[in-house]
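Enquirer: Structure incoming, see below.
The values are calculated or read from the model by the stated rules, or taken from the named source; none is laboratory data. The structure presented is a predicted model; accordingly, all values stated were derived computationally and were not measured. Cβ sites come from the backbone with ideal geometry, for glycine too, and all protein chains shown count toward neighbours. Remember, those area values only see protein heavy atoms, side chains included, never the ligands or the DNA or RNA. Shrake-Rupley method; radii C 1.70, N 1.55, O 1.52, S 1.80 Å.
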Amino acid sequence: MYSEKVMEHFTNPRNVGEIPNADGVGTEGNPVCGDVMKIFIKVQDDRIVDAKFKTFGCGAAIAVSSMVTEMIKGKTIDEALQISKEAVADALGGLPAQKQHCSNLGADALHKAIEDYRQKQVK
Ligand code: FES
């Protein structure tokens, strides 16, 4: 069973869409279920000022994307990097055991978006 929080974020997801000219983009997929999550971040002075997502996936993956993008807004890059898979699942009031991998997708896509941002800074 899903928690109320998961259902709420699934039926009313925040931050759906893309950020044109995003400072970082991270895509993560799960080859087993075929779901794919893409997270876009806009960064100013090392702080995430906006975040959006596009997810082709299950209800839990949609709720996770919505929660992750809410959690990172206003955070510094270092703070956002600390967000773990467990933290995302906890913020959603927990996920059923067979849906844990959906929260992994969120944290992994976020970390890839940050990696992408950092690589762009080096150039
Ligand atoms: Fe694969 Fe949820 S079933 S992300």
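Enquirer: Got at least one residue in segment 80-97 being over 22 Å from MET7 (Cβ atoms) and among the charged types (D, E, K, R)?
Expert: For segment 80-97, residues over 22 Å from MET7 (Cβ atoms) and among the charged types (D, E, K, R): absent.
Enquirer: Using the structure shown, decide if VAL49 is at negative phi, surrounded by fewer than 16 Cβ atoms within 10 Å (Cβ to Cβ), within 10 Å of the ligand (Cβ to nearest atom) and outside any helix (DSSP H, G or I).
Expert: Criteria not met by VAL49.
Enquirer: Report, by residue number, each residue of segment 73-108 that is more than 11 Å from the chain's Cα centre (by Cα), closer than 13 Å to CYS58 by Cα and polar (S, T, N, Q).
Expert: Of everything in segment 73-108, those that are more than 11 Å from the chain's Cα centre (by Cα), closer than 13 Å to CYS58 by Cα and polar (S, T, N, Q) turn out to be GLN98, GLN100.
Enquirer: Follow-up question, since we're still on this one. In this structure, does SER103 turn out to be part of a helix (DSSP H, G or I), touching a helix residue (DSSP H, G or I) at 6+ places or on another chain (Cβ under 7 Å), among the small types (Gly, Ala, Ser) and at pLDDT below 95?
Expert: When the stated conditions are applied, SER103 passes them.
Enquirer: Okay, next question. Filter segment 1-38 for residues that are touching a helix residue (DSSP H, G or I) at 6+ places or on another chain (Cβ under 6 Å), within 14 Å of the ligand (Cβ to nearest atom) and part of a strand (DSSP E or B) and give the result.
Expert: Across segment 1-38, the qualifying residues are GLU28, MET37.
Enquirer: Need the failing condition index for PRO96 against (1) surrounded by fewer than 14 Cβ atoms within 10 Å (Cβ to Cβ); (2) under 18 Å from ARG118 (Cα atoms), just the number.
Expert: Going through (1) surrounded by fewer than 14 Cβ atoms within 10 Å (Cβ to Cβ); (2) under 18 Å from ARG118 (Cα atoms) one by one, PRO96 breaks only (2).
Enquirer: Scan segment 72-93 for residues that are in a helix (DSSP H, G or I) and open to solvent by 40 Å² or more (accessible area, probe 1.4 Å) and jot them down.
Expert: Scanning segment 72-93 gives ASP78, GLU79, LEU81, LYS85, GLU86, ASP90.
Enquirer: Just for segment 52-62: of the residues that are open to solvent by 20 Å² or more (accessible area, probe 1.4 Å) and more than 10 Å from the ligand (Cβ to nearest atom), which one is nearest to ASN104 (Cα to Cα)?
Expert: LYS54
Enquirer: So LYS99 passes all but one of these: (1) within 16 Å of the ligand (Cβ to nearest atom); (2) closer than 23 Å to LYS120 by Cα; (3) not small (Gly, Ala, Ser). Which condition number does it fail?
Expert: Of (1) within 16 Å of the ligand (Cβ to nearest atom); (2) closer than 23 Å to LYS120 by Cα; (3) not small (Gly, Ala, Ser), only one is false for LYS99: (2).
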